[in-house]
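Every number in this text was worked out from the coordinates using simple rules, so none of it is lab data. Since we're looking at a predicted model, the values are computed, not measured. Using ideal geometry, Cβ is built from the backbone for each residue, glycine included, and neighbour counts are taken over all protein chains shown.
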2 protein chains.
Amino acid sequence: MRAVVACSLGVHMFMRPANLRLPRAAMVFRSAATSVAPPRSPHIAGFMRRVEACNNGLELASRAKPFVVPGVGELGVVLPEAAAVLAEFPTVFRVDDCAVELIAGGDSVEARSNAVAEVLRQLRRDGRVPMLAGWRGEGWPVKASFDSPAELVMERAAAPLFGVAGFGCHINGLVTCDGAASAGSRPSHLWVARRAATKQTWPGKLDHVVAGGLAHGERPWDNVLKECDEEASVPRALAERTRPTGMIEYFGRDETGWGTKRDVILCYDLHLPPDFVPVARDGEVESFALWEMRDVIKSLVAESDEWKPNVALVIIDMLVRHGFVAPEEAGYIDLVRSLRR
Amino acid sequence: MRAVVACSLGVHMFMRPANLRLPRAAMVFRSAATSVAPPRSPHIAGFMRRVEACNNGLELASRAKPFVVPGVGELGVVLPEAAAVLAEFPTVFRVDDCAVELIAGGDSVEARSNAVAEVLRQLRRDGRVPMLAGWRGEGWPVKASFDSPAELVMERAAAPLFGVAGFGCHINGLVTCDGAASAGSRPSHLWVARRAATKQTWPGKLDHVVAGGLAHGERPWDNVLKECDEEASVPRALAERTRPTGMIEYFGRDETGWGTKRDVILCYDLHLPPDFVPVARDGEVESFALWEMRDVIKSLVAESDEWKPNVALVIIDMLVRHGFVAPEEAGYIDLVRSLRR
C-alpha cells in the first residue's frame with residue numbers, strides 16, 4: 001500500500017511540489033505526504049465536507065489582489081473580475097497588478113466610506129455585480145482586526161466584493177431532556193430554525209435558533225441579547241445565560257462567485273429549559289424545531305444542502321466541545337484544526 | 001497615534017518586511033501592520049504569555065533541518081546542534097545542509113527503531129545530550145499524523161531531539177459547587193495536582209488531576225481510563241463520564257535547548273461530584289487541591305512559574321469553552337486562534 005519513493009532526498013522533495021514555494025518555516029510543519037493514514041471515519045468525512053464547503057478560498061487567494069487602504073494596510077482581497085470593475089472608478093480606486101488601493105477619502109473614515117458608497121450605489125444601479133442585488137442597507141465595519149476601529153464602513157452586501165473580514169455571533173440552542181441532568185450533562189437536543197423564504201441570503205435553509213452578523217458599532221453581547229429577543233423571543237433573563245465558547249473561522253468563495261468571505265464567528269451555547277419554545281418575531285425565521293442531536297449529526301454528515309453552510313461549522317464545533325466526536329475517529333485532529341484556519 | 005505611511009503601495013509594502021518572503025496566499029491573511037488595535041485585556045495578555053511560552057518555535061523552525069525517513073517523509077525537525085551530534089553516526093543518519101535523513105533500517109519499523117535506539121544508548125552513556133538524562137524507558141511512536149501507523153518507535157525522552165509530534169491526553173477535573181446546578185451550569189472549581197518532587201519532568205509544578213502522554217500503541221480512551229485510575233484513583237464508572245472536548249497544539253523549544261516540542265494535546269472534561277476527592281496512587285502526584293476557578297485564572301494571569309507550561313494551555317482552552325473569557329476582551333480572537341497553530 002505504501003507509495004514507493006526513492007531514497008534520495010532530491011527525489012523525495014520532488015514528490016511534494018505543493019511545498020516548493022513555501023519557506024522552510026512553513027514546510028517543516030506539513031505532514032509527510034507519502035505515509036499511509038487510514039481514511040477518515042464516515043462522520044469526520046461528512047463534517048469535513050461541511051468545513052471545506054466554507055473554507056475553500058486558498059486557490060482564490062492566490063488569484064486575488066490585496067485590498068489596501070493607505071496608512072492602514074491590507075483589509076481584504078479582491079478577485080480579478082471585481083478588480084476590473086473597480087478600476088472603472090479611478091478617482092476612488094487605484095488598481096494595478098499588485099493591489100486594489102482606496103485612494104479617495106484620505107485619513108477620514110467618513111470620507112472613505114462615502115467614496116466607496118457612491119461607487120457601490122452606481123454598481124447596484126447598473127446591476128453588473130450580482131451580490132449587490134442582496135443590498136441590505138446595513139453598515140458593515142471594515143477593520144484590520146476584530147478589536148480595531150472601523151477604517152471605513154460599507155454596505156453589508158458588498159463586504160465579499162472586497163473580501164473584508166466579517167464577524168458574527170451564533171448561538172447553539174441546547175436542551176438536555178433528562179430528568180437527572182446535572183452540571184456537565186451532555187445536551188440531547190438542538191433547536192433548529194428554518195429561515196424565512198423571503199430572506200435575502202439562504203432562504204429556507206436550516207439555521208441556529210439565534211444568529212446574526214455584527215453590524216458597525218455593535219458589541220457581541222448586545223447583539224446576542226438583541227437577536228435572542230428579536231429572532232426567537234427568548235426572555236432577557238434566559239438570554240443572559242448565553243455563554244461564549246470560542247470561535248470558528250473560514251475563508252471561502254462568496255456564493256455569487258464575485259467575492260470571498262473571511263468570516264470569524266463567535267460561538268455561544270445557550271442551555272434552554274426543556275419547556276421553553278422559541279417564537280419567531282421579526283419575520284426572519286419561518287419555524288423552529290427541536291432536533292435530537294443524533295438527527296442533527298446524521299443530517300450534517302449527509303450530503304444535503306439543507307443547512308446554511310456556516311451554521312454547520314458552528315454546530316460541528318459544538319459537537320466537538322461536547323464530546324459527540326471522539327479522538328479515536330480517524331481525522332479527528334484534522335477536523336478540529338480545520339475549524340480555525 | 002496612527003503610524004504615518006506614505007500612500008504609494010511600494011512604500012507601503014516596504015513597511016512590512018516580515019511579509020516579503022511569503023507567497024501571496026499567505027500574505028493576504030495577515031492583519032494590517034499599521035492599524036491601531038487596543039492593547040489586549042490584562043486577562044488575555046496573561047493567557048497569551050502562557051501560550052507563547054509553549055508556542056515559541058517559529059524562529060527555531062527556520063534554523064532546524066527536517067528529520068526525514070525515506071519513503072515516508074518529514075517526521076520532525078532537528079536543531080543544528082543536535083544534527084551535528086547525529087552526523088557522528090553516518091551509518092544511521094545522513095546529515096547535510098537540507099535534512100537529517102534516517103538511512104538505517106530500510107522499510108522495517110523494527111530495524112529503524114533498533115538503529116536509532118543504539119545511537120540514543122551511546123549518546124546517553126556519553127552524557128552529551130542533556131535531555132537524555134531524563135530517560136524514561138517508554139517507547140514513543142514517531143508518526144506522520146495522529147492516525148498514521150508508527151514509522152519508528154524511540155525512547156520518549158529523545159522525541160524532542162528529533163522534533164517529532166507528541167500526543168497526550170489532559171483531563172480538566174471540574175466541580176460545580178452549586179446545589180441548583182443543571183445541564184450547562186458553569187463549573188466553579190478545578191482540581192489541581194502538584195507533581196511529585198521526584199518526577200523527571202517538571203517536578204513540583206501544578207498539573208491537571210489526570211494527564212499523560214500517549215505511548216506507542218496506546219489509544220486515547222484507554223489512556224484516559226488507565227490514568228484516571230493510576231494517577232487519581234477515579235473509580236471506573238466516574239472515569240467513564242470523561243468527555244473529549246477538542247485539542248490544543250503548539251510548537252516550541254524543548255526546555256534543554258536541544259530540541260523542539262510539536263505537541264497535540266487531546267483535551268477532556270470530567271465533571272466530578274462535589275464529594276469526590278482524588279487520591280494519588282502511582283507516586284507521580286504529591287497532592288491534589290480543589291481550586292476556585294477565579295484563583296486558577298488569577299494564577300494563570302500572574303507571571304509565576306508554578307504551572308507545568310502545557311497544562312496552562314489546556315486550562316485556558318477550558319476557560320474559553322466555558323465562557324470564562326468574553327469576546328469583548330481585546331485580544332480574544334487572537335487568544336482562541338493561538339491555541340491551535
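Restriction of the GluC sites (Glu not before Pro) in the stretch A:54-131 to DSSP coil positions whose beta-carbon has at most 15 other beta-carbons within 10 angstrom yields A:Glu88.
Per residue of peptide B:59-66, the mean number of Cβ atoms on other chains within 10 Å of the residue Cβ is 4.
Stretched out straight at 0.36 nm per residue, the stretch from A:Thr201 to A:Thr256 would grow longer than its current Cα-Cα span by 18.7 nm. The largest-to-smallest principal axis extents of the Cα set in the stretch B:234-278 are 44, 21, 17 Å. Each Cα pair under 8 Å and six or more residues apart adds its sequence gap; the mean of these over the residue count of chain B is a relative contact order of 20 percent. In terms of overall dimensions, the C-alpha atoms belonging to the stretch A:134-212 reach 52, 33, 16 Å along their principal axes, ordered largest to smallest. Here the alpha carbons of the stretch A:106-252 define both size measures, Rg and Dmax, at 18.3, 62 Å. When the alpha carbon gyration tensor of the stretch B:76-186 is reduced to an equivalent ellipsoid, the three semi-axes, largest first, read 38, 16, 13 Å. Across the identical copies, the 7 Å label point of B:Arg219, projected outward along Cα→Cβ, sits 4.8 nm from its counterparts, in ascending order. Among the trypsin sites (Lys or Arg not before Pro) in the stretch B:130-173, those placed in a DSSP loop whose Cβ has at most 16 other Cβ atoms within 10 Å are B:Arg136. In terms of other Cβ atoms within 10 Å, A:Arg124, B:Arg294 run from fewest to most in the order B:Arg294, A:Arg124.
Peptide A:326-336 shows a mean partner chain C-beta count of 6 within 10 Å per residue C-beta.
Using a simple charge model, +1 on the beta-carbon of Lys and Arg, -1 on the beta-carbon of Asp and Glu, nothing else, what dipole does the stretch A:93-252 show about its Cα centre, in debye to the nearest 20? Before the final figure, lay out each step's value.
On the way: 19 positive and 21 negative charges, 118 e Å.
That gives a dipole near 560 debye.
Shape class of the protein assembly as shown from the Cα gyration tensor (axes a ≥ b ≥ c, square roots of the eigenvalues): oblate, since a/c reaches 1.5 or more and a/b does not exceed b/c. Between A:Asp96 and B:Arg186, the C-beta separation translates, for a Förster distance of 51 Å, into a calculated FRET efficiency of about 0.45. For the stretch A:184-238, the gyration tensor built on C-alpha atoms gives an oblate shape. Its axis ratio a/c (a ≥ b ≥ c) is at least 1.5, and a/b is not larger than b/c. When the stretch B:279-341 is described by a simple charge dipole with +1 on each Lys and Arg Cβ and -1 on each Asp and Glu Cβ, the residue from B:Met318, B:Val279, B:Ser304 located farthest towards its positive end is B:Met318.
Which of A:Asp305, A:Asp263, A:Asp254 ends up with the largest GNM mean-square fluctuation for chain A, with Cα atoms connected below 10 Å? Highest fluctuation among the options: A:Asp305. Pairs B:Lys205/B:Lys298; B:Lys143/B:Lys199; A:Lys199/A:Lys298: which are spaced more than 18 Å apart, C-alpha to C-alpha? Where the Cα-Cα span goes over 18 Å, the pairs concerned are B:Lys143/B:Lys199; A:Lys199/A:Lys298.
Extension gain, B:Ala289 to B:Arg337: 0.36 nm times the residue separation minus the Cα-Cα distance gives 14.3 nm. Averaged over the residues of B:181-191, the number of partner chain Cβ atoms lying within 10 Å of the residue Cβ comes to 5.
Each of A:Arg236, A:Arg128, A:Arg243 was scored by other Cβ atoms within 10 Å of its Cβ. Listed from fewest to most, they are A:Arg236, A:Arg128, A:Arg243.
For the stretch A:205-307, calculate the relative contact order in percent as a whole number, restricting contacts to Cα pairs under 8 Å that are 6 or more residues apart.
Relative contact order, the stretch A:205-307: 26 percent.
Between copies, the label points at A:Asp305 (set 7 angstrom from Cα along Cα-to-Cβ) are spaced 5.8 nm, reported in nanometres from shortest to longest. The other copies place their B:Cys98 label points at 3.3 nm from this one, listed shortest first, where each point is 7 Å from Cα along Cα→Cβ. Taking each residue as 0.36 nm, the span from B:Lys298 to B:Glu328 lengthens on full extension beyond its C-alpha to C-alpha distance by 8.9 nm. Taking label points 7 Å from Cα along the Cα-to-Cβ direction, B:Arg125 and B:Val109 give a separation of 2.8 nm. Centre-to-centre separation between the Cα atoms of the stretch A:188-251 and those of the stretch A:80-98: 36 Å. Inter-label distance, A:Cys177 to B:Lys226: 4.0 nm, where each label sits 7 Å from its Cα along the C-beta direction.
Rounded if a/c is under 1.5, else prolate if a/b is larger than b/c, else oblate: which is chain A, with a ≥ b ≥ c the root eigenvalues of its Cα gyration tensor? Oblate, because a/c is 1.5 or more while a/b does not exceed b/c. The fewest-to-most ranking of A:Phe288, B:Phe47, A:Phe93 by surrounding Cβ atoms within 10 Å reads A:Phe288, A:Phe93, B:Phe47. Estimated from helices alone, the mean residue ellipticity of chain A at 222 nm is -8500 deg cm²/dmol (sum of -39500 (n - 2.57) over DSSP H runs with n ≥ 4, per residue). Loop-located GluC sites (Glu not before Pro) in the stretch A:200-307 (DSSP state other than H, G, I, E, B) with a sparse environment of at most 10 neighbouring Cβ atoms within 10 Å: A:Glu303.
Hydrodynamic analysis of the stretch A:193-299 uses the Kirkwood radius over alpha carbon pairs. Inserted into Stokes-Einstein at 4 °C and 1.567 mPa s, it gives a translational diffusion coefficient of 85 µm²/s. Rounded to the nearest 5, what % of the DSSP beta bridges within the protein assembly as shown are antiparallel ones? Antiparallel: roughly 75 percent of the beta bridges in the protein assembly as shown.
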